[in-house]
Amino acid sequence: MKFCLAVGKTTSPTTPLLLEGDFVESMRRARAMGYDAVEIHTPEPDQLDVERLRRACDELGMFIATLGTGMIYGKYGLYLMDPDEERQARIVAMVKRYIDIAQTIGSKVTIGSIKGNVPKGADRAACLEIMGKCMREISAYAVEKGVYVLLEATNHFENNVLNTGRDVHDFIERYALKNVQVLIDSFHVNIEERSVAGGLRDAGEYLGHIHFGDNIRWYPGAGAFDFDAFCQGIRDVGYDGVLSVEVFPLPDGETAARRSIEFFQKHFN
Ligand code: LER
Ligand code: MN
């Protein structure tokens, strides 16, 4: 297993990112705590200093597990079920830029919040069809670039589609999406799944990344989620990839990061 944490340029008590500031500096701090990787959340992938990040990875013996796209939903209001064709083209082009950057730094690309929401009164099947079409184009581009895209099962308060591991698994098969994997997040599992380990099992062969956050979105162990069952579920499905903590920086980012790595080491070493 590889241990990872989510970082951003800035953090806030209601954004699930642990460390803020210069990305290389966050990588150093994470490495010193025992992490193997970071996931970088940015609305501006083109502003990443790719050469410097690559050097830092080599120097520190780390990797960048994935690039999070969620901030473009907040910043530009663009999403993958948008009925407006011009805006669809814009978001697909943006995700392709993340894929370009991901190729150069050896990371994946996460698609979570930018799934968006079926607008009130709109036809749900038609909206999903739009996302299927956009994802086909994204998937074809990802294959061309040799990059993997993580499609996240998120809770229905954030996105009213693809809320469970089963939903994402079936969507990938329905649109025959290559190089697309399922991202399961314990925080969303707690809201959406009928059992703690069900989403992990339903993701099947597509399971590609796992987010850890307690039910209150604090570091794992701070709340009431049944992590013993979740961790057992991870072992039972034979997953051996990245485990990444994505929680609020509370009581502060440093403490959340330390508690999380202690949790990972206790459960998986
Ligand atoms: C992103 O990974 C996620 O889990 C969403 O809830 C965005 O905050
Ligand atoms: Mn997540």
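Quick note: the coordinates plus some simple rules give every number you see, no bench work behind them. Because the structure is a prediction, the values reported are computed rather than measured. Reconstructed Cβ throughout: ideal geometry from the backbone, glycine too, with neighbour counts over all protein chains shown.
Laid out as a table, the results:
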quantity	calculated
Spin-label model distance (nm) - E254 vs Q47, 7 Å beyond Cα toward Cβ	2.6 nm
Equivalent ellipsoid semi-axes - Cα gyration tensor, segment 29-159, angstrom	29, 15, 12
Global form of segment 117-269, assessed from the alpha-carbon gyration tensor, a/c cut-off 1.5	prolate
Test item: Cα-centred dipole of segment 145-269, Lys/Arg +1 and Asp/Glu -1 on Cβ, debye	220 debye
Average Cα contact separation per residue, the chain, under 8 Å, 6 or more apart, as relative contact order %	20 percent
Whole-Hz couplings from phi, Karplus 6.51/-1.76/1.60, listed for segment 111-117; x for Gly and Pro	10, x, 4, 5, 4, x, 9
T110 long-range amide H proximity, modeled H, under 5 Å	L67, G68, T69, L150
In Hz, Karplus ³J(HN,Hα) per residue of segment 55-61 (6.51, -1.76, 1.60; θ = phi - 60°; x = Gly, Pro)	4, 4, 4, 4, 4, 8, x
Under 5 Å, built H, 5+ apart or other chain: amide partners of L5	A37, V38, E39, V245
Of G121, G106, G221, the one that fluctuates the most in a GNM where the chain has Cα springs shorter than 10 Å	G121
Residue list for segment 235-269, given a label point 7 angstrom along the Cα-to-Cβ vector of D22 and an amide N cut-off under 12 Å	none
Unit charges on C-beta of K, R, D, E only; dipole of the chain, Debye	160 debye
Calculated from backbone phi, Karplus (6.51, -1.76, 1.60) coupling profile of segment 146-158 in Hz, x at Gly/Pro	x, 10, 9, 10, 9, 9, 8, 7, 10, 6, 6, 6, 9
Equivalent ellipsoid, the chain (semi-axes from 5 times Cα gyration tensor eigenvalues, Å)	27, 22, 17
Difference of contour (0.36 nm per residue) and Cα-Cα distance, A224 to A32	66.3 nm
Given K108/K266; K9/K96; K2/K75; K75/K108, the pairs whose alpha carbons are separated by over 29 Å	K2/K75
The chain: calculated mean residue ellipticity at 222 nm from DSSP helix runs of at least 4, using -39500 (n - 2.57)	-14000 deg cm²/dmol
Loop trypsin sites (Lys or Arg not before Pro), segment 48-136, which have at most 14 other Cβ atoms in a 10 Å radius of their Cβ (DSSP)	K120
